[in-house]
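Notes to accompany the following structure.
Taken together, the values in this text are just the output of simple stated rules run on the coordinates, not laboratory data. Quick caveat: nothing in here was measured; it's all calculated off a predicted structure. Here the Cβ positions follow ideal geometry from the backbone for every residue, glycine too, while neighbour counts run over all protein chains shown.
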Amino acid sequence: MENEDDSRATTYTTIAVGPDFRHELEIRRSRFITVLRRSPDEETARSLVHDLRREFHDARHHCSAFVIGPDRMIQRSSDDGEPSGTAGIPMLEALLKRETSPRVTDLSDVSVVVVRYFGGILLGAGGLVRAYSESVSAGLDLAPLVLRRRLRLCAIEVPHAGAGRLENELRGAGYVMADTGYEPQHTVLRVALPDEATAISEARARLASLTAGHLELRPQGTEWVDVPR
């Protein structure tokens, strides 16, 4: 059985690896500084709050939200002193409802902090909800997004003499080749496939066609990789 759980997500969208992405809005004299970070785990997400508390130590609020995991199972938010439900939840909803393509909301592995410097004018509950939601949305408008895909690595043991030809044929058929291994009796070609039963079945059929059924495709482990959108 190639895939233990076909119900798991095989793709999702996140922000590109790189420096934190920043954006600032001024709303009725209050400054809202939004900072986004690629966060594959809770420790990385919480470190963003810690870092910004030190950097903006004189700010009144450091509100935060994050969503983590291919299936977006980890979701947290904090109002950090703002009236309950006016900051953290709107920020989290801005992440969860972000359309990464038409009618697709799959953004994950992202943490966001909005630092607020109070400008002396009360915004009211509705005004705060709009301000924090708009701050996150404006930051996401600037952050480059990438697609994460779960790929299944599959090995093919090929006699040394035929390895180069088979690799070229697989590449020509559009397959993504991973690292190649060399053993005394054969070369091990590795193909990276979408981690779906149909993709593996199709690759098996193609391999059988290319080698007259003499070689076998052996599914191995999986890994998540960034791929072009």
Radius 13 Å from Cβ of residue 223, net charge of other residues (Lys, Arg +1; Asp, Glu -1) | +2
If contacts are Cα pairs under 8 angstrom and at least 6 residues apart, what is the relative contact order of the range 17-143 in percent?
-> 35
Label-point separation, residue 157 to residue 208 (7 Å along Cα→Cβ), nm = 2.0
Residue separation times 0.36 nm, minus the C-alpha to C-alpha distance between residue 42 and residue 57: what's the value?
-> 3.2 nm
Contour minus Cα-Cα distance for residue 169 and residue 26 (0.36 nm per residue) | 45.8 nm
Helix-only [θ] at 222 nm, the chain, -39500 (n - 2.57) per DSSP H run of 4+, per residue, nearest 500, equals -10000 deg cm²/dmol
By the mean-Cβ-within-10 Å protection proxy, highest first, 191-197, 170-176 rank as 191-197, 170-176
Relative contact order in percent for the range 132-222 (Cα pairs under 8 Å, 6+ apart) equals 36
Over the chain, consider all pairs of different Cα atoms and compute the Kirkwood hydrodynamic radius from their mean reciprocal separation; express it in Å, one decimal.
-> 20.2
Can you give the charge dipole size of the range 17-143 about its Cα centre, rounded to the nearest 20 debye, using +1 on the beta carbon of Lys and Arg and -1 on the beta carbon of Asp and Glu?
-> 320
Nearest 20 debye, what's the magnitude of the dipole of the range 150-227 about its Cα centre given +1 on Lys and Arg Cβ and -1 on Asp and Glu Cβ?
-> 160
Over the chain, relative contact order from alpha-carbon pairs under 8 Å, at least 6 apart, % = 23
